[in-house]
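Derivation of every value follows stated rules applied to the coordinates shown; laboratory data play no part. Note that this is a predicted model, so its numbers are computed, not measured. Glycine gets a Cβ as well: all are built from the backbone with ideal geometry, and neighbour counts include every protein chain shown.
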Amino acid sequence: MEYLMLIYADESKAPNCEDESEKKRFDTILSEYMAFTEEVREKGVMLGANPLESVSTATTVRVRNEKIETTDGPFAETKEQLAGYYLMDCKDLDEALEYAARIPGAKYGSIEVRPIKKFDTD
């Protein structure tokens, strides 16, 4: 079954790469992500993954009364913003949760695990 693992983190707490100690923290986090990504890729469970640009680049689209409305920013007010995702093919929810707990962002943010809904197109 396919699961989307949505990575949420507080952008205001992201490492500032201008500061040497923060750059070290960023490099550590990045190496943890690279190791995790390589592992799930080698195991054949990763179907896709991408980081997202800052929430400041987001635009939300709504259609109300046949009129298109756009709003700068994310659709919800939250402390944590959607930072990226992994799309993985796991045997069941338990396996998906095990992988989600190992995503480095789970240490300082949260990981939402959602099954992908399949539609019968025949």
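Our note on the geometry: Cα centres of the range 100-117 and the range 1-73, 11 Å apart. Given +1 at the Cβ of Lys and Arg, -1 at the Cβ of Asp and Glu and no other charges, the dipole of the chain around its Cα centre is 200 debye to the nearest 20.
Summing Lys and Arg as +1 and Asp and Glu as -1 over all other residues whose Cβ lies under 15 Å from the Cβ of E98 gives a net charge of -2.
Taking amide H positions as modeled 1.01 Å from N, with prolines and chain starts lacking one, the residues under 5 Å from A49 and 5 or more places away or on another chain are L87.
List E66, E2 from most exposed to least, where exposure is judged by having the fewest other Cβ atoms within 10 Å.
By the 10 Å Cβ count, ascending, the order reads E66, E2.
Fewest-first ordering of I68, I111 by other beta carbons within 10 Å of each residue's beta carbon gives I68, I111.
Between the residues A96, A58, A35, the greatest Cα displacement towards the positive end of the dipole of the chain, with unit charges on the Cβ of Lys, Arg, Asp and Glu, is found for A58.
Give the shape of the range 2-115 as rounded, prolate or oblate, defined through the alpha-carbon gyration tensor: a ≥ b ≥ c are the square roots of its eigenvalues, a/c under 1.5 means rounded, and otherwise the shape is prolate if a/b is larger than b/c and oblate if not. Each step should come with its number before you reach the end.
On the way: a/c = 2.39, a/b = 1.20, b/c = 2.00.
Cα axes put the range 2-115 in the oblate bin.
Please sort 87-97, 20-30 by packing, taking for each peptide the average over its residues of neighbouring beta carbons within 10 angstrom, highest first.
Numbers: 87-97: 15.4, 20-30: 12.5.
Ranking, from highest mean packing down: 87-97, 20-30.
With a Förster radius of 25 Å applied to the C-beta separation of M1 and E32, the computed FRET efficiency comes to 0.45. Couplings 3J(HN,Hα) for the range 90-104, derived from phi with the Karplus relation 6.51 cos²θ - 1.76 cosθ + 1.60 (θ = phi - 60°), are 10, 5, 6, 4, 4, 5, 4, 5, 4, 5, 4, 5, 9, 5, x Hz, where x marks Gly and Pro. Among 33-43, 51-61, sorting by the average number of other beta carbon atoms lying within 10 angstrom of each residue, highest first, gives 33-43, 51-61.
Please give the FRET efficiency for V63 paired with D89, using the beta carbon to beta carbon distance and R0 = 22 Å, rounded to the nearest 0.05. Spell out each step's value before the answer.
Values: r = 33 Å, r/R0 = 1.49.
My answer for the efficiency is 0.10.
Taking 0.36 nm per residue of separation and subtracting the Cα-Cα distance, full extension of the segment from E39 to E18 would add 4.6 nm.
Taking neighbour Cβ counts within 10 Å as the exposure measure, how do D10, D120 sort from fewest upward?
On the way: D10 13, D120 4.
The fewest-first ordering by Cβ neighbours comes to D120, D10.
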